[in-house]
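In what follows, a single structure is set out as structure tokens and then discussed.
A short reminder: the numbers here are calculations on the coordinates, not readings from a lab. All values derive from a computational prediction rather than experimental measurement. All Cβ positions, even for glycine, are placed from backbone atoms using ideal geometry, and neighbour counts span all protein chains on display.
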Amino acid sequence: MRFVLGIDIGGTNLVVGSVAEDGSALYALGSEPTHAEAGERDVLDRLVALAARTIEETRRQLPGADIMGIGVGAPGPLDTRSGIVLLTPNLGWVNLPLRQIIHDRLGLPAALDNDANCAVLGEWWVGAARGTRHAIGITIGTGIGGGLILDGQLYHGASDVAGEIGHSTIDTEGRRCKCGNYGCLEAYASGPNIALRAVESIEAGVESSLSGLVDGDLTQVTAQTVYEAAQAGDELALQVVTDTARFLGAGIANLLNVFNPEVVVICGGVTLAGDHLFVPLRREVARRAFKPAVNACRIVPCELTGTAGVYGAAKVFLDQAVGA
């Protein structure tokens, strides 16, 4: 049986697994915190060690398993042709020849693409967007990424930066983003910024059960905490989630009007907010986008929770190997 090792490099976690060539199975899934603050060398050393253990475990579970190669999803922007990570604001990598490093240290051919592209490709291959020709995916975690499937093909654009949905501007005078711009969608609706907006309100005097959930230490408030409080009926948390839906709705409405997709898949922990997010989100999109575009499109949570990027990275390798 033939497999591709899929590697998903996130700002919070590194995730690796062995994906069957036809996408039908995933083996030896493993993960560990990224700890970007430890520096580039440390992250790469732990990533390679995790990948090596995954290969060993796959062969232990399935004697004779053939690992064809490695697909890697990394935050961008990237130069996918040369396999170089040009810049990762959340990891601090600059001009890193990641594909070559992975190839040299693991001894297998490798392919590289944007991590959000990989997540969307995974959902299109075997997840919530399967069977469509035109799909958009948005990944919400430490940052916000995105990917475009146009006429059945992953779209990269003229210089490999298509799909950077998180850095579309929703407020020209808004919050400063890590990318240096102001008013980016990511500055409002990424995981850390969802938490930050809640904390700012508490510090301004708004009462909330969030403080109790973290024993008064507001530095421990996360987007997950906000979702849990919203599910329990906390008014501030519900307002933060509703505002997040409004910000995302504005961004998605723009995408519907430009690309007219059949489906928009939302990936990441934000989906834990459930109907508290998706009901106002769909309502905001319907309010802002052209009706024919709204009628043609489903807005849905991902199906491959935590593994979409692994599946998609493997598919990137398969597609590049076929095209080589």
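Odds and ends about this structure:
- The single condition from (1) free of Cβ contacts under 8 Å to residues at least 40 places away in the same chain; (2) closer than 19 Å to Ser190 by Cβ; (3) surrounded by fewer than 20 Cβ atoms within 10 Å (Cβ to Cβ) that Val279 fails is (2).
- Any hit, region 55-68, residues being more than 20 Å from the chain's Cα centre (by Cα), crowded, with 16+ Cβ neighbours inside 10 Å, on the phi > 0 side of the Ramachandran plot and in contact (Cβ under 8 Å) with a residue 24 or more places away in the chain: no
- Residue, farthest from Asn90 (Cα to Cα), within region 186-204, restricted to residues that are among the small types (Gly, Ala, Ser) and part of a helix (DSSP H, G or I): Ser201
- Members of region 160-174 that are surrounded by 10 or more Cβ atoms within 10 Å (Cβ to Cβ) and assigned to a loop (DSSP other than H, G, I, E, B): Asp160, Val161, Ala162, Gly163, Glu164, Ser168, Ile170, Asp171, Gly174
- Number of the exception - Gly107 against (1) surrounded by fewer than 16 Cβ atoms within 10 Å (Cβ to Cβ); (2) more than 19 Å from Ala321 (Cα to Cα): (2)
- Helices (runs of 4 or more DSSP H) contained in region 205-303 and holding at least 2 residues within 21 Å of His134 (Cβ to Cβ): 235-259, 275-288, 291-295
- Residue within region 91-112 that is assigned to a loop (DSSP other than H, G, I, E, B) and either under 17 Å from Glu164 (Cα atoms) or of a type in the set (Ser, Thr, Tyr) (or both) present: yes
- The condition of being within 20 Å of the chain's Cα centre (by Cα) and over 20 Å from Thr142 (Cα atoms) holds for only one of Ala253, Ala245, Ala223, that being Ala253.
- Any hit, region 304-311, residues being in contact with a strand residue (DSSP E or B) (Cβ under 8 Å, 6 or more places away or on another chain) and closer than 22 Å to Asp171 by Cα: no
- The lone exception for Thr271 - which of (1) within 27 Å of Gly17 (Cα to Cα); (2) crowded, with 20+ Cβ neighbours inside 10 Å it fails: (2)
- Among the residues of region 227-240, those identified as touching a residue at least 40 places away in the same chain (Cβ under 8 Å) and either among the hydroxyl-bearing types (Ser, Thr, Tyr) or buried (at least 23 other Cβ atoms within 10 Å of the Cβ) (or both) are Tyr227, Ala230, Val240.
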